[in-house]
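See below for the structure under consideration.
The values are calculated or read from the model by the stated rules, or taken from the named source; none is laboratory data. All figures in this text were calculated on a predicted structure; none of them were measured in a lab. Here the Cβ positions follow ideal geometry from the backbone for every residue, glycine too, while neighbour counts run over all protein chains shown.
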Amino acid sequence: MQTLNTTPGGFLKKNRYTLIVLLILACVAAWMLQERYLSMILDYICIYTIAVTGLDILFGYTGQVSFGQAGFYAIGAYTSTLLSINLGIPPILSILLGAALALLFGILIAFPASRLVKHFLSLLTIAFGQMVYTYIVGAAWLTRGPSGITGIPKVSLFGYTFKGYQSYFWLVLVAVVLVLLMKRNIINSRVGRAFIAVRENPHAAAGMGINVAKYKIMAFGISAFLAGLAGAFYAHMVGFISPDTFTSTQSNMFMTMLLFGGIATISGSLIGAAIITVITELLQSFASAQTLVYAGFILVVLFFLPNGVVGMWDKARAMFLKKRLGKKEVAS
Amino acid sequence: MLLTLVIGALMLGSIYGLVGMGYGLIYKASGLMSLAQGDMLMIGAFLGLTFYKILGLPFIVSLLLVMVIMFALGMFIERVLVTSLLAKGAQTVYVILCTIAISMLLQNGAMFAWGSNVMQFPSIFGVSSVNILGYEILPERLLALGVGIVCMLALHFFMQKSKFGTSMRAAAQDEMAASTLGINVPRTKGAAWGIASMLAGSIGVVVGPIFGVYTAMGSLIGQKAFASAVVGGYGNMYGAIVGGIFFGFVETFVSAYVTSLYKDFISFAILIIVMIFMPTGLFKEQVME
């Protein structure tokens, strides 16, 4: 498979579709950045991509399911908010601390979870998400309860404050690029291959000397970290958080995005997050039907698009290539 | 005070237990999990409200009608959606996701059909309270407790004594052996899902007058019910009842004597602790990989 791309021309030729798509994306993003509302959508896409990437490492690559990502998302958001408001820690640092606390909780949950089969893992993660939700509703002395927290400080870096949605986009874009690069490097490394081995057959993986529990915990930790990171970015973008954001609907939305984009792919989480976010925004006037739309998406993916949009794209390309090859054979 | 609390706890326990029994039935019969049971309860409550209040049918007729409809709905979900999903070679996680999608559809569908406000279920008996040992108790609470006990006993005798119940147990134990003996295994699976949603729906009708009827009423009850099923030993019908009563007491007494803010938090914490230290539950059901 591996070919050496020593010349720039070879690199360009091999990756020409990716480059064209990136160019188009850059143009669309540049157009969207002109307006405040459209740049907010871009910000949301980036934030959701981070969270969904984490879920993909857990579910797509390691085969462990989580229906409680909203819990980690909430931990990241609330930790960063409270640290920056109450202790005056600069947001850029508190975001990382929020993600770190989510990581800690992820590892804590992963210890028992790594021993459970899928059904019970689903239950455990749902219960965890519910626990976090009921806590932030109940602990009014800390989280101000159902009314939420306002006036969350904006992120500033080297004296520059990311005030608007437009400037915030650059911050989250950098984060997304870093996260996606990290994902690619993890997947192509020894750790990533261990994840896939655990997904395919945990017993065989253990037989090959892979410490299954360790890699399951690692995958849980990474997914929790990324969900927490996304939550923290969300809090500092919107400037207001309340428990309503962190219900199980949010967890299900991450799952929908992942499945719709396509599991176990690099670009799937980005594509899923982008499409679902845009559709949700387009249907803003039918907000009451939002969960209906998610449910519809889940069912469509389950019954008709088992590998998501990326899978459909790959299939279409394979068919196209086959047709072209067939024509060549006929001609010769 | 104490007696009122105990009756409240038993009532909650029978609600959680009955819905939890549905989880156990489904798990035993098909090895799968449905997360839509709570919403089945909600749909049952709305249907009961429609029959009883809007169409003016007698209560017992509405209850029976709801049971028939819910059985058909549960059977439909298994026979049509879940089976075709499994035929595509989907993993069990996808079936869980499918039931999550169904629960979203049911909740949002109910919102479109009946609106998003809390609807009052009219009182069934016409009296506001009955007097037991000098305590005033809402008769609907006793009804919920009674319906719970009747349903549990009926299910017990159906599973143990009737021919179809026996074939359901046989199919749950060993599908292949059962099918070589001429048992229609797909039908027993469908019936298990049907009975599970019938139980949830019928309990929905009786909790309607107590909690009020609204679209989100099922989700929390459904999650507590699976907590009960896990604590009792997932897949064990009787364990679910014990677990349900356990959570009924925990919740009632925690909110009465400690704090009502954190009662759900404590319930979920107990669930997680049980899953970590005692995943086989009280009745030692096999759940580990």
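Here are a few things to note about the model shown:
- Being aromatic (Phe, Trp, Tyr), surrounded by fewer than 23 Cβ atoms within 10 Å (Cβ to Cβ) and at positive phi is a condition met by at least one residue of region A:144-165.
- Evaluating B:Thr259 against the criteria (1) touching an Asp or Glu at 6+ places or on another chain (Cβ under 8 Å); (2) modelled with pLDDT under 85 leaves one unmet condition, (1).
- Filtered residues of region A:104-127 (kept if among the hydrophobic types (A, V, I, L, M, F, W, C), outside any helix (DSSP H, G or I) and touching a helix residue (DSSP H, G or I) at 6+ places or on another chain (Cβ under 8 Å)): A:Leu116
- Region B:75-88 - residue that is aliphatic (A, V, I, L, M) and surrounded by 13 or more Cβ atoms within 10 Å (Cβ to Cβ) and, of those, farthest from the other protein chains (Cβ to nearest Cβ): B:Met75
- Screening B:Leu65 with (1) in a helix (DSSP H, G or I); (2) closer than 30 Å to B:Ala256 by Cβ gives one miss only, at (2).
- Taken as a whole, the structure leaves B:Ser260 outside the set of residues that are among the hydroxyl-bearing types (Ser, Thr, Tyr), within 14 Å of chain A (Cβ to nearest Cβ) and in a helix (DSSP H, G or I).
- Between B:Leu35, B:Leu10, the distinction of being in a loop (DSSP other than H, G, I, E, B), among the hydrophobic types (A, V, I, L, M, F, W, C) and in contact (Cβ under 8 Å) with a residue 40 or more places away in the chain belongs to B:Leu35 only.
- Taking every residue in region A:278-293 that is more than 11 Å from every other protein chain (Cβ to nearest Cβ) and pairing it with any residue that is among the aromatic types (Phe, Trp, Tyr) and part of a helix (DSSP H, G or I), at least 6 positions away or on another chain, the pairs with Cβ-Cβ distances below 9 Å are A:Ile279/A:Phe297; A:Thr280/A:Tyr44; A:Thr280/A:Tyr294; A:Glu281/A:Tyr37; A:Glu281/A:Tyr44.
- The numbered conditions (1) under 18 Å from B:Leu5 (Cα atoms); (2) within 12 Å of chain A (Cβ to nearest Cβ); (3) of a type outside the set (Ser, Thr, Tyr) are all true for B:Val231 except (1).
- Matching residues in region B:89-118 - criterion: being touching a Lys or Arg at 6+ places or on another chain (Cβ under 8 Å) and either surrounded by 17 or more Cβ atoms within 10 Å (Cβ to Cβ) or more than 12 Å from chain A (Cβ to nearest Cβ) (or both): B:Thr92, B:Val93, B:Ile96
Let's see how each residue does on (1) in contact with an Asp or Glu (Cβ under 6 Å, 6 or more places away or on another chain); (2) among the hydrophobic types (A, V, I, L, M, F, W, C); (3) under 23 Å from A:Ala227 (Cβ atoms); (4) in contact (Cβ under 8 Å) with a residue 12 or more places away in the chain:
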site	(1), (2), (3), (4)
A:Val137	no, yes, yes, yes
A:Thr143	no, no, yes, yes
A:Ser147	no, no, no, yes
A:Gly151	no, no, no, yes
A:Ser156	no, no, no, yes
A:Gly164	no, no, no, yes
A:Asn188	no, no, yes, no
A:Gly192	no, no, yes, yes
A:Val198	no, yes, yes, yes
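- Some residue of region B:36-52 being among the aliphatic types (A, V, I, L, M) and within 12 Å of chain A (Cβ to nearest Cβ): yes
- Residue list for region A:147-170, filter: within 25 Å of A:Thr134 (Cα to Cα), in a helix (DSSP H, G or I) and at pLDDT below 80: none
- Condition met for A:Ala194 (within 14 Å of another protein chain (Cβ to nearest Cβ) and of a type outside the set (S, T, N, Q)): no
- Subset of region A:227-245 that is within 21 Å of A:Ile275 (Cα to Cα) and of a type in the set (Phe, Trp, Tyr) - its residue that is surrounded by the most Cβ atoms within 10 Å (Cβ to Cβ): A:Phe233
- Count of residues meeting criterion [outside any helix (DSSP H, G or I) and surrounded by fewer than 24 Cβ atoms within 10 Å (Cβ to Cβ)] in region A:66-103: 4
- Matching residues in region A:30-45 - criterion: being in contact with a Phe, Trp or Tyr (Cβ under 7 Å, 6 or more places away or on another chain) and either assigned to a helix (DSSP H, G or I) or polar (S, T, N, Q) (or both): A:Arg36, A:Ser39, A:Met40, A:Leu42, A:Asp43
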